[in-house]
Amino acid sequence: MKRKLSLFAAILLVFSLILTACGSKSTNSSSSKSGQGKLEIFSWWTAGGEADGLKALIKVFQNKYPDIKVQNAAVAGGAGTNAKAVLATRMQGNDPPSTFQVHGGAELMTWVNSGKMQPLNDLYKKNGWENKFPKDLMDMVSKDGKIYAIPVDIHRGNVLWYNKKIFEENHLQPPKTFDDFFKVADKLKAKGITPLGLADKEIWPATMIFENILLAELGPDKYKELWTGKIPFDSPKVKESAEIFKKMLGYINDDHSSRAWQDGSQLVADGKAAMNIMGDFAKGYYESLKLKPNKDYGWVASPGTEGDFMVITDTFGLPKGVKDPGDVKKFLTVLGSVEGQDAFNPKKGSIPARVDADQSKYDVYGKAAMKDFKKDALTPSLAHGSAAPESYLTKVNQAVNVFVTQKNVDQFIKSLKDASKDLK
Ligand code: GAL
């Protein structure tokens, strides 16, 4: 019996060795073939933190596939301000990058609906990923049972970052409500300190402040109904939100319109502003400056949004018509792996999209964000492409741009209402 078993084990061993050999042969041959081309990874990750995360992810990939040439095709401009336009031109010209950064939800669905993306159900199956990502995220990358992208991260959009030293020296508590915010802001202003750092050279950081106010004022359920058209943009709560936004704009730095988003985080880092409302890409940026959470900077949910989590998720998929889909799938496999996500996210400031990542790789901020993501009400970000179609977002950004200088609430509400025709 024993001998029979060991004979069986030997056969099994030989068989598995043959299989491994075949597997590695096919990997090598396909990678040397594709090594002639290049794997073009398209994103807008060029700032401190985000660029570091991407580099770390590419490194994991290159260690596994040294023969595949990678081109980091990042186009500068936070939130994809420039990259999205470049991508659109390329997609329309049937010249897609091998894979590209795209927010889960409405933004990804633009490409899915126009028939430009390939489903990736086979890749999920092959890697046993069906239960490795939260359902809310899977819904954002799926349509009619087909999965079109792999989420690499989860960012939180409703965070207020503050300079610890300024708050301590002035005996202030980070604000949890708008009342708190304005009290704190008045005290800071009286001391000659800019209360709220804003960096809206590209307008979306201002749009983020507004969406966070909407979330606070409407609550998560009604906030979501804005995007289905159930709650109109001239409803009293939206008007109130615009009033609060207007009041907040009275506490910002004069040079806001000449600063890129990370320069807003920098203002807080340098003590030139006490607070900044920004997604936790700011955490990645602070990480790149080697600043320490809870020492150099603190954070709370943006006013009125404790218990809510404004979800921003970056995903990557497989466009139709790419030269070497096999190589792209290899990259996506690394991007969706625990190893890949745990190399990327600690540098990026985000938490892993996977539910089974190694928590010990994340610091006090990351651990807190993971906990909140599990218990909070999750809402999609408008400013980061998930809540509504790009055409609507473009119009909202234009309206916000005008509002930041003119501060005309009625005109702002009218523009939002007019634009809402684009909500489908
Ligand atoms: C967001 C993106 C983040 C971060 C940020 C700033 O749209 O989801 O990953 O890169 O822009 O560029």
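Miscellaneous remarks
- Evaluation of VAL396 against (1) within 16 Å of the ligand (Cβ to nearest atom); (2) within 12 Å of PRO346 (Cβ to Cβ); (3) more than 18 Å from the chain's Cα centre (by Cα) (one fails), failing number: (2)
- Considering residues of segment 366-386 that are under 17 Å from ALA282 (Cβ atoms) and of a type in the set (Gly, Ala, Ser) only, the residue farthest from the ligand (Cβ to nearest atom): ALA368
- Within segment 388-409, being of a type in the set (S, T, N, Q) and either touching a Leu at 6+ places or on another chain (Cβ under 8 Å) or part of a helix (DSSP H, G or I) (or both) holds for SER391, THR394, ASN397, GLN398, ASN401, THR405, GLN406.
- Criterion (within 16 Å of the ligand (Cβ to nearest atom) and open to solvent by less than 20 Å² (accessible area, probe 1.4 Å)) met by exactly one of GLY284, GLY298: GLY284
- So PRO319, is it touching a Pro at 6+ places or on another chain (Cβ under 6 Å), surrounded by 18 or more Cβ atoms within 10 Å (Cβ to Cβ) and over 30 Å from THR177 (Cβ atoms): yes
- For the criterion of being closer than 26 Å to LYS371 by Cα, in contact (Cβ under 8 Å) with a residue 24 or more places away in the chain and within 14 Å of the ligand (Cβ to nearest atom), LEU137 passes.
- Residue match in segment 278-286 (condition: closer than 25 Å to ASN82 by Cβ, assigned to a helix (DSSP H, G or I) and among the hydrophobic types (A, V, I, L, M, F, W, C)): yes
- Residues that are of a type in the set (A, V, I, L, M, F, W, C), within 19 Å of VAL311 (Cβ to Cβ), open to solvent by less than 50 Å² (accessible area, probe 1.4 Å) and part of a strand (DSSP E or B) are absent from segment 364-372.
- Filter pass, PRO303 being open to solvent by less than 30 Å² (accessible area, probe 1.4 Å), over 25 Å from GLY77 (Cα atoms) and away from the ligand (no atom under 16 Å from the Cβ): yes
- In the set (1) within 16 Å of the ligand (Cβ to nearest atom); (2) in the same structural domain as ASN253 (by TED's automatic domain parsing), LYS187 fails one condition alone, (1).
Here's the yes/no breakdown for (1) in contact with a strand residue (DSSP E or B) (Cβ under 9 Å, 6 or more places away or on another chain); (2) open to solvent by 30 Å² or more (accessible area, probe 1.4 Å); (3) of a type outside the set (A, V, I, L, M, F, W, C):
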| site | (1), (2), (3) |
| --- | --- |
| LYS361 | yes, yes, yes |
| SER381 | yes, no, yes |
| TYR392 | no, no, yes |
| VAL400 | no, no, no |
| LYS424 | no, yes, yes |
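- Criterion: modelled with pLDDT of 95 or more, more than 21 Å from LYS84 (Cβ to Cβ) and polar (S, T, N, Q) - qualifying residue of THR394, THR405: THR405
The values are calculated or read from the model by the stated rules, or taken from the named source; none is laboratory data. Note that the coordinates shown come from a computational prediction; the quantities given were computed from them, not determined experimentally. Glycine gets a Cβ as well: all are built from the backbone with ideal geometry, and neighbour counts include every protein chain shown. These area figures cover heavy atoms from the full protein model, side chains too; ligands, DNA and RNA do not enter into them. Shrake-Rupley method; radii C 1.70, N 1.55, O 1.52, S 1.80 Å.
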